[in-house]
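Down below is the structure, laid out as C-alpha cells.
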Amino acid sequence: MPKREPDLHDAAAFAAFRWHANRLENLAISKFVTRREAYEEILAVLSRTGRELRGLNRLAGEMCRVDEDCDPGYHCNNGDCEPDNLKA
C-alpha cells in the first residue's frame with residue numbers, strides 16, 4: 001500500500017467522517033429505542049456499511065498483506081490497516 005504524507009485537508013475530512021459516523025450511531029440508537037424489534041435490521045445495515053467501506057480497498061487493489069504495508073501505529077488485519085489500539 002502506498003504511504004502518503006498528511007495533508008492540510010485531512011482534518012476536514014476526518015471531521016466529516018466523524019460527523020457521519022456519529023449520525024449513523026444516533027440514528028441506530030434512536031431506531032432501537034423506538035423499535036426494539038428492529039435490532040437485527042439495524043445491525044445488518046451497520047454491518048453492510050462496514051463491509052462496503054472495507055471493500056473500497058479491495059476494489060482499488062490496496063489491501064495490506066503484512067504489518068509493514070501499513071503506516072506506523074497501524075497493523076494489517078485481513079487486508080485492512082487498523083490502528084494498533086484495536087489489535088487483539
Extreme residue, farthest from E5 (Cα to Cα), among residues of region 56-88 that are modelled with pLDDT under 80 and loosely packed, with under 12 Cβ neighbours inside 10 Å: A88
How many residues does region 21-54 contain that are farther than 23 Å from G79 by Cα and surrounded by fewer than 10 Cβ atoms within 10 Å (Cβ to Cβ)? 5
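Table: residues versus (1) in a helix (DSSP H, G or I); (2) of a type in the set (V, I, T).
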| residue | (1), (2) |
| --- | --- |
| E5 | no, no |
| F14 | yes, no |
| R23 | yes, no |
| I29 | yes, yes |
| E41 | yes, no |
| L46 | yes, no |
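The values are calculated or read from the model by the stated rules, or taken from the named source; none is laboratory data. Predicted model, so just to flag it, every value in this text is computed and none were measured. Please note: Cβ atoms are built from the backbone with ideal geometry, for glycine as well, and neighbour counts cover all protein chains shown.
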